[in-house]
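Visitor: Could you have a look at this structure, given as structure tokens, before my questions?
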Amino acid sequence: MNRHLAIVPAHNELGAIATTIAEIRAAAPDFDVLVIDDGSTDETAAAAASAGARVVSLPFNLGVGAAVQCGYIYARAHGYEIAVQVDGDGQHDPRDIPRLLEVMHGDPHTHLVTGSRFLEHGNGHRSTASRRVGIALFARLVSALTAQQVTDPTSGFRMTDRVGIELFARDYPSDYPEVEAIVLAHTYALHTREIAVQMRARTSGRSKISASLSGYYLAKVLLAVLVSSLRSHPQGKAGPLSEAAP
Amino acid sequence: MIAVAAHASQTTATLQRVAVIAIAVLVFLFVFELVRRRALMERYALLWLFAAIVLVVLALWQGLLTRISSELGIYTPVNALFAAGFVFVVTLLLHFSLVISRLSEQSKLLAQRLALLDERVSDEQPSDEPQPSAVSKR
């Protein structure tokens, strides 16, 4: 068994899941691939299994945050040292995984590395204008709160080590978790870094933020981020139930 | 003329009282029936039964509401009733939000653990044996 795990949350990603898994296996052969099938109604789980991934199927749709957290619980239980999140929809290019790993290994103080779309102005897939405005707003807020430069707080393309795995297995935000997770990591004094990546247009499925950065999303994340930065002694809100790893 | 009006309003008041008591009794019976059918848990039923009892007491004991509202400096007794009802309902809603949040968190944890255990079990079992998940998924 490898010491590295790729966590792939997937909800009805039949069109892209097999390709994504094949790309991860080709680009990062020392990573085990774990697909968290988030209550898909199509054959995502079967497709993932036949593409050679391990599959954990949630009994019903929990949302990407809980799905990813499930991956971290798995990583913690199986003693993985590095975990990387890769979306199941083909947005993230697995060829960037070795670069994330390099940065992770390059600095022993870095516990979380994020692939950012905005660190360099590449010619990759651009999201809509309204979404970019929202992301820029979050980037400023999160940078201010964490006193670190965060250009792409909504990126779900993340790698973390054992420290991050144990934190996220214990406590991971729900709904639209990326922004909150960065702040959470900072609250626990985890040093985070970004590297520039290019994201691709999703090849399947629909955005989890379908009404992209709608008022609800904005308000909810703002509240969560502010509350989480106010927790002086943050505790796993999940309590003892989640402590028991399967 | 004045006497007639007073009489009429008294009749209305009595009718209102009867209506309130009838509604309270209906609520009481309905809640009781829900508990009997195990559709409603006792701990939540108690709240509604308590509310129904308060209504009946207020309807029967005419002076009580007037006295409470004048103590509170509220001119119209019915406004005191509305205010109390509003506070009661808002408190209840907040309580339910708390319960829902807790239940969501618990069901998330259960779903995650179930999925992880499921993966582990199917991993240990040879593939030609019938899988328990296949049976339960029917």
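The values are calculated or read from the model by the stated rules, or taken from the named source; none is laboratory data. What you see is a predicted model; the values in this text were computed from it and never measured. Heads up, the Cβs are rebuilt from the backbone with ideal geometry, glycines too, and the neighbour counts pull from every protein chain shown. Heads up: the accessible areas ignore ligands, DNA and RNA and are worked out on the full protein's heavy atoms, side chains in. Shrake-Rupley method; radii C 1.70, N 1.55, O 1.52, S 1.80 Å.
Visitor: If I go through region A:83-96 residue by residue, how many of them are open to solvent by less than 10 Å² (accessible area, probe 1.4 Å) and over 12 Å from the mean Cα position of the chain (by Cα)? Don't jump to the end; show me each part of the working.
Guide: Here is the first cut: in region A:83-96, the ones open to solvent by less than 10 Å² (accessible area, probe 1.4 Å) are A:83-86, A:88-90, A:92, A:94.
Filter again for over 12 Å from the mean Cα position of the chain (by Cα), leaving A:89-90, A:94.
Final tally of qualifying residues: 3.
Quick grid of which residues meet (1) farther than 30 Å from A:ASN61 by Cα; (2) modelled with pLDDT under 85; (3) among the aliphatic types (A, V, I, L, M):
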residue: B:GLN16; (1), (2), (3): yes, yes, no
residue: B:VAL25; (1), (2), (3): yes, no, yes
residue: B:LEU34; (1), (2), (3): yes, no, yes
residue: B:ARG37; (1), (2), (3): yes, no, no
residue: B:TYR44; (1), (2), (3): no, yes, no
residue: B:LEU58; (1), (2), (3): yes, yes, yes
residue: B:LEU65; (1), (2), (3): yes, yes, yes
residue: B:THR91; (1), (2), (3): yes, no, no
residue: B:LEU103; (1), (2), (3): no, no, yes
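Visitor: Take the conditions open to solvent by less than 40 Å² (accessible area, probe 1.4 Å) and under 18 Å from B:ALA19 (Cα atoms) and apply them to B:LEU55. Does it pass?
Guide: Answer is no for this residue.
Visitor: Let me confirm something: among B:LEU34, B:LEU92, B:LEU65, which residue is touching a residue at least 40 places away in the same chain (Cβ under 8 Å), more than 14 Å from chain A (Cβ to nearest Cβ) and either more than 30 Å from B:VAL18 (Cβ to Cβ) or surrounded by 11 or more Cβ atoms within 10 Å (Cβ to Cβ) (or both)?
Guide: Sole residue among the options that is touching a residue at least 40 places away in the same chain (Cβ under 8 Å), more than 14 Å from chain A (Cβ to nearest Cβ) and either more than 30 Å from B:VAL18 (Cβ to Cβ) or surrounded by 11 or more Cβ atoms within 10 Å (Cβ to Cβ) (or both): B:LEU92.
Visitor: For A:ASN12, which of the numbered conditions (1) of a type in the set (S, T, N, Q); (2) within 14 Å of chain B (Cβ to nearest Cβ); (3) open to solvent by 10 Å² or more (accessible area, probe 1.4 Å) fails to hold?
Guide: For A:ASN12, the failing item is (2).
Visitor: Separate question: Restricting to region A:47-77, and then to whatever is under 15 Å from A:ARG3 (Cα atoms) and aromatic (Phe, Trp, Tyr), can you tell me which residue is farthest from the other protein chains (Cβ to nearest Cβ)?
Guide: Only one residue fits best here, namely A:TYR72.
Visitor: Out of all the residues in region A:78-94, is one or more away from chain B (no Cβ under 13 Å) and aromatic (Phe, Trp, Tyr)? Write out each step before concluding.
Guide: Of all residues in region A:78-94, those away from chain B (no Cβ under 13 Å) come to A:79-94.
Imposing the further condition that a residue be aromatic (Phe, Trp, Tyr) reduces the set to A:80.
Yes, some residue in region A:78-94 is away from chain B (no Cβ under 13 Å) and aromatic (Phe, Trp, Tyr).
Visitor: Among all residue pairs at least 6 apart or on different chains, which show Cβ distances below 7 Å where the first residue, located in region B:95-118, is farther than 20 Å from B:LEU47 by Cα and open to solvent by less than 50 Å² (accessible area, probe 1.4 Å) and the second is aromatic (Phe, Trp, Tyr) and part of a helix (DSSP H, G or I)?
Guide: Qualifying pairs under 7 Å: B:LEU116/A:TYR74.
Visitor: (1) open to solvent by 10 Å² or more (accessible area, probe 1.4 Å); (2) in contact with a strand residue (DSSP E or B) (Cβ under 7 Å, 6 or more places away or on another chain): which one isn't true of A:VAL56, the others all being true?
Guide: (1)
Visitor: When you scan region A:162-202, how many residues do you find that are without any contact (Cβ under 8 Å) to a residue 24 or more places away in the chain and out of contact with any helix residue (DSSP H, G or I) (no Cβ under 8 Å at 6 or more places or on another chain)?
Guide: 1
Visitor: Kindly list the number of the only condition in (1) open to solvent by less than 30 Å² (accessible area, probe 1.4 Å); (2) in contact with a helix residue (DSSP H, G or I) (Cβ under 7 Å, 6 or more places away or on another chain) that fails for A:THR114.
Guide: (2)
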